[in-house]
1. With the condition being at pLDDT 90 or above, within 14 Å of the chain's Cα centre (by Cα) and buried (at least 23 other Cβ atoms within 10 Å of the Cβ), I'd like the helices (runs of 4 or more DSSP H) fully within the range A:15-118 carrying at least 3 qualifying residues.
2. Looking only at residues in the range B:212-226 that are closer than 19 Å to residue B:143 by Cα and of a type in the set (A, V, I, L, M, F, W, C), which one is surrounded by the fewest Cβ atoms within 10 Å (Cβ to Cβ)?
3. Just to verify a result, which residue in the range B:205-232, among those that are among the polar types (S, T, N, Q) and part of a strand (DSSP E or B), is nearest to the chain's Cα centre (by Cα)?
4. Is there a residue being more than 12 Å from chain B (Cβ to nearest Cβ) and not charged (D, E, K, R) anywhere in the range A:56-78?
5. Restricting to the range B:111-163, name every residue that is away from every other protein chain (no Cβ under 14 Å), part of a loop (DSSP other than H, G, I, E, B) and not acidic (Asp, Glu).
6. Please work out if residue A:143 is at pLDDT below 90, at negative phi and in contact with a strand residue (DSSP E or B) (Cβ under 9 Å, 6 or more places away or on another chain).
7. Can you find even one residue in the range B:91-106 that is more than 10 Å from chain A (Cβ to nearest Cβ), hydrophobic (A, V, I, L, M, F, W, C) and in contact (Cβ under 8 Å) with a residue 60 or more places away in the chain?
8. Is it the case that some residue within the range B:11-34 is more than 9 Å from chain A (Cβ to nearest Cβ) and within 24 Å of the chain's Cα centre (by Cα)?
Amino acid sequence: MMRMLLTVVLLLATVLAQVAIAPLFPLVGAVVELPVVVLLLLAVFAGPYAVMIGLPVLVLFLGFSTNVEFEWLVMAYLPLLPCAAWIQRHREIPQTPYALVFVMVIAAGIWARAVFSVVAMTSGASLAVGPVVTDILLTGLVLDAAVVSVVYALCRWVGWPVRSLDLEQAGFEP
Amino acid sequence: MLIFSRYSYWVGAMVALAVLLAVVGRAGLLDPVQDVFLRATGPLEEGTSSVFSPVASFFSDVGNVDRLQEENRRLLSENETLRNQNAALRADSLRLAELEEALGVVTADPSAERLAAGVLSRIQGPLTRELRIDRGTNHGVVEGNPVLSVQGTLIGTVTEALPSSSFVRLLTDSRSSIAAQVRGSPADGIAKGNGGALNFELVEGDVNIGDTIVTSGLGGTYPPDIPIGEVTDILGDTQDPFPTVRLQTTVRISTTRTVLVMTSFTPARFQVDE
């Protein structure tokens, strides 16, 4: 119960930081995608259950704060956990825990920004592929990777163990 | 694919939740909950933002020292010119008021009511730029109200008004397009955001660097003659009939803390809907 409460507080802080702090520190035209960073680190350090419970909470908080429709937020963040688990399960892919985090933050960052670009275009934004790729996608991914790397290094330095994203190993029996 | 089957229950539940929230949200049933949430988190957002704003401004200014010095020199010069013009206009205004009184003429500015609002947060996504302000329907704000800087420059439009706060779509949002014209010239076009900057798509006439672009009032979405920005660059060759024109807004939207909502102006389309 206490862990659940802490997760909710962390996600609320994430949403506040996304709307109150991240836009103050843009790189070219992009801002860091903190929900992706936090969900990924939550999965790696707190286990998949934390994300399974936390995602709907995050979607609610973020939907209220940014006025983006809930279904788009679910679409943007839902694939992160199963995809990370799939990569982790395929042992034939050479990987370290940090490599998994790095690859996933890039993949999830691309996916989330692509979804939000489509949302903007469906409500009237004109498509400009060049600026979207250079000013939003690439610079945004650099920010995401920088933030996730720093926080990951801090968490490992503190001594937090990396957890498995596999539900079976995490004790889940469907 | 085994891993997906293990997550399939949760994925299915999330999709169902998304559908439910989409339906409930569109029906407006979550608006009161959203308002309560925003009331509760508003002070936190404002406090957090005000702590980090000076830090962000410092880093932004350090990277632009040369440009800021040049801008400062230009603004000092402009300031002197404008002070002189202002003095002349004040005299003209007094004279006009005297004449109106003598003739019994009453002029009413339909855009006179401007409500000051504080910026609670900035919402920046790919191609989108929005603000959340601390005034809503309880204070007379409605969807479609134009939003100005304290100096009177247009910065956006209210897209959703909740009881105690509202969302404002900025001019630089790529979904934003405004019927505009060159001040003092018949040239007109459309000012469009591109997710960070502002362009002017010329439809008819000529435009030069330094021209001021204002709202034209066409379409009834905005009142006429509200300043939008100044032409800073014209891309394309001289034969190009439709060059891309870059605009610079005279207000720093990224650090704006207070805005004015024109509560007395409702766009024509909203009036028809009502």
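The values are calculated or read from the model by the stated rules, or taken from the named source; none is laboratory data. Here the structure is a predicted model, which is why all the values come from computation and not from measurement. Ideal geometry is used to build each Cβ from the backbone, glycine not excepted, and the neighbour counts take in all protein chains shown.
1. A:34-46, A:48-66, A:70-77
2. First pass over the range B:212-226, keeping only residues closer than 19 Å to residue B:143 by Cα: B:215, B:217-224, B:226.
Adding the requirement that they be of a type in the set (A, V, I, L, M, F, W, C) leaves B:218, B:226.
Working: B:218: 14, B:226: 21.
Looking at the filtered set, the residue picked out is B:218.
3. Within the range B:205-232, the first condition is being among the polar types (S, T, N, Q), and the residues that meet it are B:208, B:212, B:215-216, B:221, B:232.
Still in the running and part of a strand (DSSP E or B): B:212, B:215, B:232.
Numbers: B:212: 16, B:215: 12, B:232: 19 Å.
Only one residue tops the list, namely B:215.
4. Going residue by residue through the range A:56-78, those that are more than 12 Å from chain B (Cβ to nearest Cβ) are none.
Within the range A:56-78 (the criterion being more than 12 Å from chain B (Cβ to nearest Cβ) and not charged (D, E, K, R)), the answer is no, since none of the residues qualifies.
5. Going residue by residue through the range B:111-163, those that are away from every other protein chain (no Cβ under 14 Å) are B:111-117, B:135, B:137-142, B:144-155.
Narrowing the set further to residues that are part of a loop (DSSP other than H, G, I, E, B) leaves B:111-113, B:135, B:140-142, B:144-145, B:150-153.
B:111, B:112, B:135, B:140, B:141, B:142, B:144, B:145, B:150, B:151, B:152, B:153 - these are the residues of the range B:111-163 that are away from every other protein chain (no Cβ under 14 Å), part of a loop (DSSP other than H, G, I, E, B) and not acidic (Asp, Glu).
6. Values: at pLDDT below 90: no; at negative phi: yes; in contact with a strand residue (DSSP E or B) (Cβ under 9 Å, 6 or more places away or on another chain): yes.
No; evaluated as a whole, the condition is false for this residue.
7. Initial filter on the range B:91-106 (more than 10 Å from chain A (Cβ to nearest Cβ)): B:91-106.
The next check asks that each one be hydrophobic (A, V, I, L, M, F, W, C); those that pass are B:91, B:94, B:96-97, B:99, B:102-103, B:105-106.
Filter once more, so that each one left must be in contact (Cβ under 8 Å) with a residue 60 or more places away in the chain: none.
The answer is no, given that none of the residues of the range B:91-106 is more than 10 Å from chain A (Cβ to nearest Cβ), hydrophobic (A, V, I, L, M, F, W, C) and in contact (Cβ under 8 Å) with a residue 60 or more places away in the chain.
8. Yes, the range B:11-34 has at least one match.
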